[in-house]
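Q: Dropping a structure here in structure tokens format, bear with me for questions.
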Number of protein chains: 2
Amino acid sequence: MDSCLFCRIVAGTIPATIVRETPRAIAFRDVDPKAPTHILIVPRDHIDSVDSPEAEDGALWADIIGLARGIARSLGLSDDGYRLVINHGRDGGQSVAHLHVHVLAGRRLGWPPG
Amino acid sequence: MDSCLFCRIVAGTIPATIVRETPRAIAFRDVDPKAPTHILIVPRDHIDSVDSPEAEDGALWADIIGLARGIARSLGLSDDGYRLVINHGRDGGQSVAHLHVHVLAGRRLGWPPG
């Protein structure tokens, strides 16, 4: 997937501020942050969307949730809280066709969520 | 967890509009919907939050993502899109201390997500 932005970040051919990584997924800062902390967690392997059949991968999700929890601990976010957001398609506002989980924290996030 | 609202919905002692269920999780309509489709997916077993150690359960997440995808297909949401939201703590806006995934669809969801 040479044309996929997040595949290129995973490959290291586009720079990103990596926060934490595992064998299955990496976390890096969103370049257009919408909260004091705004991090993206993406699988290393290309998966188009949470709506793709390949997204039903329990081991991958254990990794992703573990990353989110580890980031929350290392950045001191657990006590105040955070929000995870996963967008699919136009109505969801998915901007890159590579599954990614937004981690937002550092301010009181409003409701509704968009 | 007799005092937990979502445990009581799982147990059937508080009514809810169930959309779909699996051995590990159930999906029901949010009573205060923020989009034309607004469904909650919750594990049957009590887990306080996505930030809890018990949330690093890959089999549970395969079930939850499978439920979300199945709902998207059955309600015709996959083409237009949807958003999944998981809140932890005060800043995240978590309103019930039982892990739940919001599924929102049916309108163009805005950015930032809260």
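The values are calculated or read from the model by the stated rules, or taken from the named source; none is laboratory data. Just so it is clear, the model here is predicted, and its values are computed rather than measured. Here the Cβ is made from the backbone with ideal geometry for all residues, glycine too, and neighbour counts use every protein chain on show. For accessibility, only protein heavy atoms count, side chains too; no ligands or nucleic acids. Shrake-Rupley method; radii C 1.70, N 1.55, O 1.52, S 1.80 Å.
Q: Give the residue that is surrounded by the most Cβ atoms within 10 Å (Cβ to Cβ), with candidates limited to residues of segment A:95-114 that are within 7 Å of another protein chain (Cβ to nearest Cβ) and farther than 19 Å from A:Arg29 by Cβ.
A: Checked segment A:95-114; the qualifying residue surrounded by the most Cβ atoms within 10 Å (Cβ to Cβ) is A:Pro113.
Q: A follow-up question, please. Kindly indicate whether any position in segment A:44-62 is in contact with a strand residue (DSSP E or B) (Cβ under 6 Å, 6 or more places away or on another chain), within 19 Å of B:Tyr82 (Cβ to Cβ) and not in a loop (DSSP other than H, G, I, E, B).
A: no
Q: How many residues, within segment A:3-21, are within 16 Å of A:Leu99 (Cα to Cα), open to solvent by 30 Å² or more (accessible area, probe 1.4 Å) and part of a loop (DSSP other than H, G, I, E, B)? I'd like the intermediate steps shown before the answer.
A: Start the filter on segment A:3-21 by keeping residues that are within 16 Å of A:Leu99 (Cα to Cα), which leaves A:3-11, A:21.
Then drop every residue that is not open to solvent by 30 Å² or more (accessible area, probe 1.4 Å), which leaves A:3, A:5, A:8, A:10-11, A:21.
Then keep just the ones that are part of a loop (DSSP other than H, G, I, E, B); that gives A:3.
Counting residues in segment A:3-21 that are within 16 Å of A:Leu99 (Cα to Cα), open to solvent by 30 Å² or more (accessible area, probe 1.4 Å) and part of a loop (DSSP other than H, G, I, E, B) gives 1.
Q: For segment A:27-57, which residues satisfy the criterion of being touching a residue at least 60 places away in the same chain (Cβ under 8 Å) and crowded, with 20+ Cβ neighbours inside 10 Å?
A: Keep residues of segment A:27-57 that are touching a residue at least 60 places away in the same chain (Cβ under 8 Å), which gives A:27, A:30, A:34-41.
A:Ala27, A:Ala35, A:Thr37, A:Ile39, A:Leu40, A:Ile41 - these are the residues of segment A:27-57 that are touching a residue at least 60 places away in the same chain (Cβ under 8 Å) and crowded, with 20+ Cβ neighbours inside 10 Å.
Q: When you look at B:Pro113, is it in a loop (DSSP other than H, G, I, E, B), free of Cβ contacts under 8 Å to residues at least 12 places away in the same chain and out of contact with any helix residue (DSSP H, G or I) (no Cβ under 7 Å at 6 or more places or on another chain), yes or no? Give the derivation first.
A: Numbers: in a loop (DSSP other than H, G, I, E, B): yes; free of Cβ contacts under 8 Å to residues at least 12 places away in the same chain: no; out of contact with any helix residue (DSSP H, G or I) (no Cβ under 7 Å at 6 or more places or on another chain): yes.
Spelling it out, it is not the case that B:Pro113 is in a loop (DSSP other than H, G, I, E, B), free of Cβ contacts under 8 Å to residues at least 12 places away in the same chain and out of contact with any helix residue (DSSP H, G or I) (no Cβ under 7 Å at 6 or more places or on another chain).
Q: When segment A:58-89 is examined, which residues are found to be over 14 Å from the mean Cα position of the chain (by Cα), buried (at least 20 other Cβ atoms within 10 Å of the Cβ) and at the interface with chain B (Cβ under 7 Å from one of its Cβ atoms)? Before you say what the answer is, go through the steps one by one.
A: Going through segment A:58-89, the residues over 14 Å from the mean Cα position of the chain (by Cα) turn out to be A:58-59, A:73-81, A:89.
Subsequent filtering for residues that are buried (at least 20 other Cβ atoms within 10 Å of the Cβ) retains A:77, A:81, A:89.
Scanning segment A:58-89 gives A:Gly81, A:Gly89.
Q: May I ask you to verify whether B:Arg24 is open to solvent by 20 Å² or more (accessible area, probe 1.4 Å), touching a Leu at 6+ places or on another chain (Cβ under 8 Å) and away from chain A (no Cβ under 12 Å)?
A: Numbers: open to solvent by 20 Å² or more (accessible area, probe 1.4 Å): yes; touching a Leu at 6+ places or on another chain (Cβ under 8 Å): yes; away from chain A (no Cβ under 12 Å): no.
Criteria not met by B:Arg24.
Q: Across segment A:72-104, what is the total count of residues that are in contact with a helix residue (DSSP H, G or I) (Cβ under 8 Å, 6 or more places away or on another chain) and without any contact (Cβ under 8 Å) to a residue 24 or more places away in the chain?
A: Summing the residues that are in contact with a helix residue (DSSP H, G or I) (Cβ under 8 Å, 6 or more places away or on another chain) and without any contact (Cβ under 8 Å) to a residue 24 or more places away in the chain in segment A:72-104 gives 3.
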